[in-house]
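> Can you read through this structure? Questions will come right after.
The values are calculated or read from the model by the stated rules, or taken from the named source; none is laboratory data. Note that the coordinates shown come from a computational prediction; the quantities given were computed from them, not determined experimentally. Every residue, glycine among them, receives a Cβ derived from its backbone with ideal geometry; neighbour counts consider all protein chains shown. Each accessible area value is taken on the protein alone, full model and side chains, heavy atoms only, with ligands, DNA and RNA left out. Shrake-Rupley method; radii C 1.70, N 1.55, O 1.52, S 1.80 Å.
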Amino acid sequence: MEIALPTGLDKTLDFEQGPIRPPSEARSLLLRFSRNCPWNKCKFCPVYKGSRFSRRGLDEIKADIDAAAEMARQIDQLSWRMGHGGRMTDEVVNAVFGDPGIGDAFRNVAAWLYYGTGNVFLQDANNLIIEPETLAQALRYLRQRLPQVKRVTTYARSSSAARRSVEELRMLNDAGLDRIHVGMESGCDQVLAFMKKGVSQAQQIQAGRNIKQAGIELSEYVMPGLGGKKWTTQHAIDTAHALNQINPDFIRLRSLRVPGRVELHDDLAQGRFEKLSEDEMAAEIRLFISELDGIDSTVTSDHIMNLIETVSGRLPQDKGLMLAKLDDYLALPPRQRLIYRLCRRMGRCREPEDIDRLGLRPQLEAILADVEQRGDPDQILSDMADGFI
């Protein structure tokens, strides 16, 4: 049995981290600049509920940056002591992860150095609520103490971005903020009001334009299905039209899921909201993409909650390919769509073609037959998807 050797790392070092980050920031260093969400009322969101928002002070943020920098220094020294000359090899990272008492923050720094992305994600939900000069000072300090940083990104609410002037946002860009992730979710005012999003379509557009004019990359998140059956068409069209006026760098699809712990679940139970089926959601995404026009955004479907992960590409040149993938799925016989949904919810497929490409059909047929014995397969698969939240 292998025995973990002492690494000489200071186990008292730590810094604060929040609960979530975008999938695209999986290999980023995570630093918490604010705690939780200042709005925290969206019906569909389970994150931060029961937690109070607070801004972190500049000295507190700097202390966390100092801790991360010291961790990086100690891991570099460990690499030299292990004979790897400062390189972040498997052996070095495994030594850090295998050292008893090392916390999650230390592991995050080790993984960050190992992957070498240089990316930093600032948590939590809305760092643009921090006074611009304070945030700029924190960004400059981050770049100074961790010179290996290449890209810094953060979440922000549209309501806050709309209130920040282009000049203020440009100052943040100059200080080192490269990308902002915004949860647009919908560009339909009726949907935004029903979901208690606390923002209008006009504010969404103003926020996106401000960010883009400041030279900051913009990643907008869209939530297919958020309009339910009542507003599905308007949700798709209005959201696309809002994005057409922004031209974000990225449009990221995050299909609606309604686990029992979100407020929207009560609306669902009381009949005030009707969920789309997976097939109806695929049709809504098709309508949404068909309405995107005059922009050169990259559309991505990079989350397990989405039905077809490969619906992605650069506009306008890949629009036809994305629509074709959706058309191909919608043209499948009903049972074949069920088999694909099963494959996707098991995490085995990214697109329908994977079933035969990977030789999974016989196994999936048998599993689906078992699912059908236990109840309504459509509901069971829907519950599996909701479980990914």
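> Taking every eigenvalue of the Cα gyration tensor of the range 322-389, multiplying by 5 and rooting it, what semi-axes result, largest first, whole Å?
Semi-axes (√(5λ), whole Å): 19, 14, 12.
> Here's something else I'd like to know. In a Debye calculation with equal point scatterers on the alpha-carbon sites of the range 68-159 and no solvent, what is log10 I(q)/I(0) at q = 0.10, 0.18 Å⁻¹?
Log10 of I(q)/I(0), two decimals: -0.32, -0.85.
> How long is the range 196-269 along each principal axis, judged by its Cα atoms, biggest number first, in Å?
44, 24, 20 Å, listed from the longest principal axis down.
> Count neighbours as other Cβ atoms within 10 Å of each site's Cβ, and list the trypsin sites (Lys or Arg not before Pro) in the range 239-293 that are DSSP loop with at most 16 such neighbours.
Answer by residue number: Arg261, Arg272.
> Taking the Cβ of Gly198 as the centre, find all other residues whose Cβ is under 9 Å away and add up their charges (Lys, Arg: +1; Asp, Glu: -1).
Local net charge: +4.
> What does the highest-first list of 181-189, 222-230 look like by mean Cβ count within 10 Å?
181-189, 222-230
> Given axes a ≥ b ≥ c from the Cα gyration tensor, I'd like to know whether the range 238-344 is rounded (a/c under 1.5), prolate (a/b larger than b/c) or oblate.
Oblate, since a/c reaches 1.5 and b/c is not below a/b.
> Tell me, what is the FRET efficiency for Asp59 and Val166 to the nearest 0.05, using R0 = 25 angstrom and their Cβ-Cβ distance as r?
My answer for the efficiency is 0.30.
> How much length is gained if the chain between Leu330 and Asp293 is pulled fully straight, taking 0.36 nm per residue apart and subtracting their Cα-Cα distance, in nm to one decimal?
Separation in residues times 0.36 nm, less the Cα-Cα distance, equals 11.0 nm.
> Using a probe of 1.4 angstrom, how much of the accessible area of the range 224-347 is carbon and sulfur, in percent?
Within the range 224-347, the accessible surface is 50 percent carbon and sulfur.
> Can you give me the accessible area per residue for the chain, using a 1.4 Å probe, in Å²?
The answer is 43 Å² per residue.
> Using all alpha carbons of the range 79-232, what is the percent of pairwise distances in each 10 Å bin, ordered from the shortest bin to the longest?
P(r) for the range 79-232, in whole percents per bin: 10, 32, 25, 20, 11, 3, 0.
> In units of 2.2 N^0.38 Å, what is the alpha-carbon radius of gyration of the range 229-298?
Dividing the Cα radius of gyration by 2.2 N^0.38 Å gives 1.26.
> Using the Kirkwood formula on the Cα atoms of the chain, what hydrodynamic radius do you get, in angstrom to one decimal?
It works out to 22.7 Å.
> List the aspartates and glutamates whose Cα lies under 12 Å from the Cα of Lys11, skipping any in the same chain that are fewer than 8 positions away.
Glu70, Asp99, Asp104
> Sort by residue number and name the cysteines in the chain that have no neighbouring cysteine Cβ under 4.7 Å.
Lacking a cysteine Cβ partner under 4.7 Å: Cys37, Cys188.
> Under 23 Å between alpha carbons, and skipping anything fewer than 8 positions from Lys197 in its own chain: which lysines qualify?
Filter leaves Lys41, Lys43, Lys49, Lys212, Lys229, Lys230, Lys275.
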